[in-house]
Every structure is written in C-alpha cells, then in structure tokens.
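These notes concern the structure reproduced below.
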Amino acid sequence: MTAAALGFEAVFGRPAALVAEAPGRVNLIGEHTDYNGGYALPTAIPQKTRIEMAPRDDGLIRVATANVGGGAQLSYRAGEEARRGLWLDYVQGITAVLRDRGVAVPGFDARIASTVPLGSGLSSSASLLVALARGLRAMLALPIDDVEIARIAHAAEHDFVGAPVGRMDQMAASLADESTALFLDTRTLAFERVPLPAEVELLVVDSGVAHQHASGDYKTRRAECERAAEALGVPQLRDVDAAAEQRIASLPPPLDRRARHVVTENVRVLAAVAALRAGDLVRLGALFDASHRSMRDDFEVSVPAVDDLVESARAQPDVFGARLTGGGFGGAIVALVKRGSAAKVGRAVADAYARTPGRRATVLVGGAVS
C-alpha cells in the first residue's frame, strides 16, 4: 500500500489535530461570465475535498494526497514557495498568499483526500484550496470570513498557480450548499442563496474528457473577452448592455461571438433566478438549453462528446433542459430533471453515450450508473 492510500497517522506518525472540508460545485448557468465581471448561479455537490492537518513548529510543510499517484508525499518550507507545476502548487499558493497578507505559517502536516473528480468541470481545485484555507483558518485562529476565504483561494489559483480563473469557483466552494443556488455577482461578490425547487433534482454526468484551466484554450477565451471589451470601450463585458446587438455584431470574428455569449449569458442568469423564484421549470430548462447552444456556437468551448451527452439528456421525457457545465473543452453536463427520475435518466444517457466505442460516462450527481 502506498503512502497516498494510508490515513494521516500512518503517514505522519501522529494523529491529526483538525479536519477541514469544502465541496465541489456544479454551475447551473452563467459560464465564462465570472472573469468578465458578470453573474453566475452555482450550487454545491455532495463530493468534497477533506484535509486532515496537524501543526508543526519548524516551518516544514509536508503534504500527502490520496488522489494523485507518483508523488504521494511532497514537502517545502514556509516562505520558500516556488511553483513546480505539480498539485503541490495549490497548497503552496495558499501559504504564499497568507504570507503576503502578513500571516506567519509555522508549518504543518496535511493529508488530502477528495471525491471531487479531477478535470470534470466541478471545481476540484477550488474545493482543495478552500478546504486548506479553512483548515489554516482554524489552525491559526485567523479572523477571516467565508468571502475572504474565497478571495485567498482565488489569489492562490490565479496568481500563484497561474490559472486564469474567475472568482465563481472559490465563492461556490466557500459559500454554496446543496439545497440552494448561489446567485453571485462576481464583480462585487454580493451573493444570495435561492432555494432549489422541490419538484426537480440535478443530474450531473461526466463525459470522461478531461479539461485543464491552465491550458491554452481557456486562456485564449479569456484574452478574446478582454480584447472584445477593449474594442467596445468598456472595462469588462459585464458593462455591455444586452440591447447593444449592433455594436457586438460590428466586432471582428471571433470577438463578436465571444462577446455575444457573455452578454446573453448574463441575461440568462438573471432570467434563471427569476424562473427559480417563480418555480417555472419549463422556462429554467429552456435557459439551460439556450446556454449550451451559446457555449457550443458562440463561445466554442464544447466538444462533440459533450454535445452528444447534452442531446441524449434532452431527449429524455423527464428532462427540462441540459447544458455543458464548467469551463468546457470536456468535463461534465448538468441536467434539470423531474424529481425521482435522475437515476433512470442517468442510466439512459450513459448507455447511449457508451454506444460509441471508447466512450464511458459517469453519473456523478443524481444516481449511479448500474
């Protein structure tokens, strides 16, 4: 048995002093809006990252993980953080950000175990970052609230790790729960929890096509959005009115399509919140479908395998709507399903997907594939 598979005491020779957790998230609607200052609507999923910790007084930080092979235990010294291109960078990012904010991190041992699947668009990285920040808050008695936890986690991923992500993932990992949708203004970080209707449940299905936020495609989309905002004379695409269709159409391709997605997606988030409050599930499902078309055609972040999953889900009679969730270029879909039907729909969708050789879908939320 490798060190990664062992418990904290077996790895480090002493019991853990505390445990911290944070969930993954699924974004219901509002994709690629966060780094454009817009709106998003995530909710927490049952899968979590769990970190067992114990302090040290010598400045050494030792971290073991149960999730990544080939390097089950790595270490560094507090104050000597340096990006390595490994999973340890997420840990280093948190301690580096805290150090920059004047927090003296004395060192610690930590064991990470996560059930949030990697590369599925469900914020495994934000879950890890927030869990670690929560653990250090408890260990060091830091006077910081949950929004500040999200800010620290975002700075770690954006500035230290170098992934050009917005703030939605970290805010969701820090503030979301499974019974509500977190209506988030990513510019101001104002948020509201909107109850999810009792008549529906969520189905999340992983395509098996992994993505990576630090990859070139994601960075390219962000840069295109910045160029579109500059061409339109606004700080961010959040500041473009939805009625400015002619101005958006005047942009050179593909900037016109990128801007159209972000501007219309913000409108869809606001409409989705209204539909949630009204219990209008048909309207909410239609917004899911429209969001996917926009991500596929205007933002061009979907892939054929994900499109097939979405279409298979939409063909089921108990599905109100379905869409790609997360940054794209692979990952998972989310479907809005009549309560009690998610497991059946999940099996049907996974079976249809598997008819293409080499494909295997995994139901992550809403029932297991039999």
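The values are calculated or read from the model by the stated rules, or taken from the named source; none is laboratory data. Every value quoted in this text rests on a predicted model; they were computed, and no experiment measured them. Please note: Cβ atoms are built from the backbone with ideal geometry, for glycine as well, and neighbour counts cover all protein chains shown.
Would you mind telling me which numbered condition in (1) modelled with pLDDT under 95; (2) over 25 Å from L324 (Cβ atoms); (3) within 19 Å of the chain's Cα centre (by Cα) E148 fails?
(1)
Please verify whether segment 245-253 includes one or more residues that are acidic (D, E) and at pLDDT below 95. Give the steps one after another, and end with the answer.
Filtering segment 245-253 down to residues acidic (D, E) leaves 245.
With the extra rule that they be at pLDDT below 95, the set shrinks to 245.
Within segment 245-253 (the criterion being acidic (D, E) and at pLDDT below 95), the answer is yes, since at least one residue qualifies.
Looking at P23, P15, P46, can you tell me which residue is within 26 Å of the chain's Cα centre (by Cα) and surrounded by fewer than 17 Cβ atoms within 10 Å (Cβ to Cβ)? Outline the logic, then answer.
On the way: P23 fails: surrounded by fewer than 17 Cβ atoms within 10 Å (Cβ to Cβ); P15 fails: within 26 Å of the chain's Cα centre (by Cα).
When all the criteria are applied, what remains is P46.
Scan the strands (runs of 3 or more DSSP E) fully inside segment 174-252 and keep the ones with 2 or more residues being within 16 Å of Y39 (Cα to Cα). Talk me through it step by step, then tell me what you get.
Values: elements: 180-185, 191-195, 200-206.
By residue number, 180-185, 191-195.
Does segment 315-331 hold any residues that are buried (at least 19 other Cβ atoms within 10 Å of the Cβ), under 20 Å from A354 (Cβ atoms) and at pLDDT 95 or above, and which are they?
Q316, V319, A322, L324
Inside segment 223-252, can you point out the residues that are touching a helix residue (DSSP H, G or I) at 6+ places or on another chain (Cβ under 6 Å) and of a type in the set (D, E)?
Within segment 223-252, just E224 meets the criteria.
What number of residues within segment 117-134 satisfy the criterion of being in contact with a helix residue (DSSP H, G or I) (Cβ under 7 Å, 6 or more places away or on another chain) and either over 11 Å from E157 (Cα atoms) or modelled with pLDDT under 90 (or both)?
Step one: of segment 117-134, the residues in contact with a helix residue (DSSP H, G or I) (Cβ under 7 Å, 6 or more places away or on another chain) are 117-118, 123, 125-130, 132-134.
Add one more test, that the residue is either over 11 Å from E157 (Cα atoms) or modelled with pLDDT under 90 (or both), and what stays is 117-118, 123, 127, 132-134.
Selection size over segment 117-134: 7.
Checking the condition in contact with a helix residue (DSSP H, G or I) (Cβ under 9 Å, 6 or more places away or on another chain) and surrounded by fewer than 18 Cβ atoms within 10 Å (Cβ to Cβ), which residue from R77, R56, R84, R137 passes?
Values: R77 fails: in contact with a helix residue (DSSP H, G or I) (Cβ under 9 Å, 6 or more places away or on another chain); R56 fails: in contact with a helix residue (DSSP H, G or I) (Cβ under 9 Å, 6 or more places away or on another chain); R137 fails: surrounded by fewer than 18 Cβ atoms within 10 Å (Cβ to Cβ).
Being in contact with a helix residue (DSSP H, G or I) (Cβ under 9 Å, 6 or more places away or on another chain) and surrounded by fewer than 18 Cβ atoms within 10 Å (Cβ to Cβ) holds for just one of R77, R56, R84, R137, which is R84.
So which residues in segment 6-18 are in contact with a helix residue (DSSP H, G or I) (Cβ under 9 Å, 6 or more places away or on another chain) and touching a residue at least 40 places away in the same chain (Cβ under 8 Å), if there are any at all? Let's see the steps before the verdict.
Keep residues of segment 6-18 that are in contact with a helix residue (DSSP H, G or I) (Cβ under 9 Å, 6 or more places away or on another chain), which gives 10-11, 14-18.
Result: V11, R14, A16, A17, L18.
Just wondering, is there one or more residues in segment 287-300 that are buried (at least 24 other Cβ atoms within 10 Å of the Cβ), under 22 Å from the mean Cα position of the chain (by Cα) and basic (K, R)?
Scanning segment 287-300, I find no residue that is buried (at least 24 other Cβ atoms within 10 Å of the Cβ), under 22 Å from the mean Cα position of the chain (by Cα) and basic (K, R), so the answer is no.
Is it true that some residue in segment 331-345 is under 29 Å from G37 (Cβ atoms) and free of Cβ contacts under 8 Å to residues at least 40 places away in the same chain? Walk me through it before giving the result.
Step one: list which residues in segment 331-345 are under 29 Å from G37 (Cβ atoms), which gives 331-336.
Filter once more, keeping what is free of Cβ contacts under 8 Å to residues at least 40 places away in the same chain: none.
No, the conditions are met nowhere in segment 331-345.
Is at least one residue of segment 313-323 of a type outside the set (A, V, I, L, M, F, W, C), under 21 Å from the mean Cα position of the chain (by Cα) and assigned by TED's automatic domain parsing to the domain that holds D239? Even if it seems obvious, please write down each step before you answer.
Step one: of segment 313-323, the residues of a type outside the set (A, V, I, L, M, F, W, C) are 314, 316-318, 321, 323.
Okay, now just the ones that are also under 21 Å from the mean Cα position of the chain (by Cα), so 321, 323.
Subset that is assigned by TED's automatic domain parsing to the domain that holds D239: 321, 323.
Yes.
Could you list, in sequence order, the residues of segment 88-117 that are in a loop (DSSP other than H, G, I, E, B) and closer than 20 Å to A54 by Cα? I'd like the intermediate steps shown before the answer.
Here is the first cut: in segment 88-117, the residues in a loop (DSSP other than H, G, I, E, B) are 101-107, 115-117.
Residues satisfying the conditions are V103, A104, V105, P106, G107.
Looking at S127, S120, can you tell me which residue is surrounded by 19 or more Cβ atoms within 10 Å (Cβ to Cβ), part of a loop (DSSP other than H, G, I, E, B) and small (G, A, S)?
Values: S127 fails: part of a loop (DSSP other than H, G, I, E, B).
Just a single option satisfies the conditions, and that option is S120.
Taking segment 182-214 only, how many residues are farther than 16 Å from G331 by Cβ and under 14 Å from the mean Cα position of the chain (by Cα)?
3
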